[in-house]
Amino acid sequence: MSVTDLDQLKRAAAIKAVDYVRDGMVVGLGTGSTAKHMVLALGEKVKAGMKLRAVPTSQETASLAERCGIVLIDADNRWMIDVTIDGADQVDPDFNLVKGGGGALLKEKIVAASAKQFIVLIDYTKQVPVLGGSFPLPIEVIPFGWGSTAREIETLTHSRVVLRQRNGSPFLTESGNLIVDVHLPRIDQPRDLEAALNWIPGVVETGLFVGRTDVLIVGTPHGVETYHATRR
């Protein structure tokens, strides 16, 4: 399937996802190519008269939301988010996620955790039988002593850890941190791994989103499929 076709599946999933948004809600806005379609779809609802406020998870998303006429809440506010809608890089059968391909995982997890309902929208190629393998696990780490932090991660996971770079320089998140990508063949116990990684000094947050998804919306060649998690 072509990139254009996959983009259409993402758009279809995004249009379905915004059906969960009601007038007067506070909405968490994810980051990435799929989330971009969601923000555009919400912008159409705002133009049609819907009133809502939003918390963006990146400057990129904030800029797009503002261009769409969506009112944003200050980052230092104590949010009461009704629903957060975001994409994912991988989703397993238990709705556990790997996120962070775009480098916004810290803000994305904060906003997801602050929401009453977390909706994930993907195209069908992001569904995997087990996390890992084809996509590395992003981990946000502080710059100080990052090499030692990476060594601890390697010792824990027995896997290759690579510092993410952009244009020949270390990639910096909007919070001023670094990202290391961990190349794991498979993640059989994501909850245990998330907990163990968070014990390592220097780790700010991991790209594992375990037990957080409430609704999964998947764009497929046969139409949009919606799944509801049985547990949080």
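For the chain, the number of Lys pairs with C-alpha atoms closer than 20 Å, counting only pairs eight or more positions apart or on separate chains, is 24. By other beta-carbon atoms within 10 Å, ranking 204, 91 with the fewest at the front produces 204, 91. On a per residue basis, the convex hull of the C-alpha atoms belonging to the chain measures out at 130 Å³. Neighbours of residue 68, meaning other residues whose beta-carbon lies under 9 angstrom from its beta-carbon, give a summed charge of 0 when Lys and Arg score +1 and Asp and Glu score -1. Springs between alpha-carbon atoms under 10 Å, Gaussian network over the chain: tell me which of 202, 28, 145 tops the mean-square fluctuations. Most flexible of the set in this elastic network: 145. Over the stretch 1-69, what number does the Rg to Rh ratio reach, with both radii from the alpha-carbon atoms and Rh per Kirkwood? Expressed as Rg/Rh, it is 0.97.
Sort 228, 183, 37 by Cβ crowding within 10 Å, fewest neighbours at the top.
Working: 228 9, 183 14, 37 24.
Sorted ascending by nearby Cβ count, the order is 228, 183, 37.
If you look at the Cα atoms of the stretch 1-122, you get an Rg and a Dmax of 13.4, 43 Å. Since only 187, 165, 143 are under comparison, the one whose Cα sits farthest along the positive direction of the charge dipole of the stretch 137-207, derived from C-beta charges on Lys, Arg, Asp and Glu, is 165.
Arrange the following residues from fewest to most other Cβ atoms within 10 Å of their Cβ: 67, 78, 164.
Going from sparsest to densest Cβ surroundings: 78, 67, 164.
The alpha carbon centroids of the stretch 1-59 and the stretch 142-165 are separated by 34 Å.
Here, each number is a calculation from the coordinates, and none is a lab measurement. This structure is a prediction, so every number in the text was calculated from the model and none was measured. Glycine gets a Cβ as well: all are built from the backbone with ideal geometry, and neighbour counts include every protein chain shown.
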